[in-house]
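The values are calculated or read from the model by the stated rules, or taken from the named source; none is laboratory data. Small disclaimer: the values here were computed from a predicted structure and weren't measured. Cβ atoms come from the backbone with ideal geometry, glycine included; neighbour counts cover every protein chain shown. These area figures cover heavy atoms from the full protein model, side chains too; ligands, DNA and RNA do not enter into them. Shrake-Rupley method; radii C 1.70, N 1.55, O 1.52, S 1.80 Å.
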Amino acid sequence: MEVIIRHSADEASELVAKIIDDELRKNPHIVLGLATGRTMERVYDKLVKKHREEGLDFSLCRTFNLDEYVGLAPDDPHSYRYYMNEHLFSRVNIDLKNTHLPSGIAADLNKECEEYETLIQRAGGIDLQLLGIGRSGHIGFNEPLSALKSRTRVESLSPQTIEQNACFFEDKSKMPRRAITMGVGTILDCRRCILLATGEEKAEIIAKAVEGPITSMISATALQIHPRCTVIVDELAASKLQGSDYYRWIFMNDPEWAPYR
Ligand code: F6R
């Protein structure tokens with residue numbers, strides 16, 4: 001695992017967008033794993049800007065999102081399909097046929113989960129997975145006690161996550177209680193992952209995820225065993241990390257990061 005600390009949320013998001021930009025230019029057929037949520041909005045805005053002003057081309061890439069709420073149709077403004085269309089897909093030249101999210105209204109949800117895994121495999125696996133982190137320590141919607149080998153499945157949301165996301169629903173009681181999510185094992189199979197966290201409210205969980213023991217109580221700790229995981233945080237989200245000086249030293253000295261310093 002590597003940790004990169006950037007001064008502000010804007011700089012942290014810019015770094016994530018730049019990495020995606022570089023990877024997409026290197027491999028236009030890249031398979032991207034995408035996330036939703038407040039943190040990602042800045043990243044998508046920056047990718048849209050790179051598309052419009054620097055010709056970043058999404059026409060050949062394929063995408064798989066981490067999760068979708070159970071019970072919400074794609075045209076429901078609270079669904080993650082709607083979010084992706086709004087924040088990214090409708091603003092760049094991506095072919096919608098190449099974008100995938102599990103359907104939260106499938107008649108057979110378990111079958112939908114199995115098929116989602118098959119689709120990912122058929123695409124050759126995920127090259128670059130973008131991740132946020134919830135206050136419960138979830139990646140995707142892998143709530144506490146999710147098996148570290150779990151695959152795409154229906155997951156009940158924790159009270160903490162319901163509280164975190166209910167503010168998006170005018171009527172909070174309409175916040176779904178379940179979601180389809182890629183499993184921790186599905187995420188660990190991707191070739192590279194980037195976790196972005198910004199703001200003070202993420203400081204405590206970031207410290208646990210990066211420096212705490214690996215535990216299924218905090219799904220993000222599983223990323224410690226991923227061979228290529230980069231955690232990108234702003235100063236606020238980094239404020240409870242013990243090893244910040246060391247992480248900064250690595251970033252300044254590792255030749256891989258020279259183009260990004
Ligand atoms: C969303 C997802 C979640 C979010 C996390 C952080 O697709 O998988 O894990 O990334 O809940 O959400 P925000 O950015 O809203 O704090």
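Taking 0.36 nm per residue of sequence separation and subtracting the Cα-Cα distance, how much length would be gained by fully extending the chain between GLU114 and ASP10, in nm to one decimal? Numbers along the way, then the final one.
On the way: separation 104, 0.36 × 104 = 37.44 nm, distance 3.69 nm.
Result: 33.8 nm gained on full extension.
Would you work out what percent of the accessible area of the chain, with all protein chains in place, is carbon or sulfur (probe 1.4 Å)?
Whole-percent figure for carbon plus sulfur exposure: 51.
Under the rule of at least 5 residues apart or a separate chain, name every residue whose amide H is placed under 5 Å from the amide H of VAL231.
Placed amide hydrogens put GLU2, VAL3, ILE4, LEU195 under 5 Å from VAL231.
Test of understanding: in a Gaussian network model of the chain with alpha carbons linked when under 10 Å, which of ILE180, ILE126, ILE214 would top the mean-square fluctuation ranking?
Residue with maximal mean-square fluctuation among ILE180, ILE126, ILE214: ILE214.
How far apart, in nm, are two points set 7 Å out from the Cα along the Cα-to-Cβ line at GLU201 and at PHE168?
Here the answer is 1.3 nm between the modelled labels.
With the Cα gyration tensor of segment 158-261 in hand, give its eigenvalues times 5 under a square root as the equivalent ellipsoid semi-axes, listed largest first in whole angstrom.
29, 17, 13
Quick one: if you stick a label point 7 Å off each Cα along the C-beta vector at MET252 and ARG191, how many nm between them?
With each label point 7 Å from Cα toward Cβ, the separation is 3.3 nm.
Just to be sure I understand: with springs between alpha-carbon atoms less than 10 Å apart, which residue in ALA107, ALA238, ALA207 has the highest mean-square fluctuation in the Gaussian network model of the chain?
ALA107
Calculate the length of the line joining the C-alpha centroid of segment 194-261 to that of segment 86-164, in whole Å.
22 Å
Can you tell me which of GLU53, GLU211, GLU14 moves the most in a GNM of the chain? Springs connect C-alpha atoms under 10 Å apart.
GLU53
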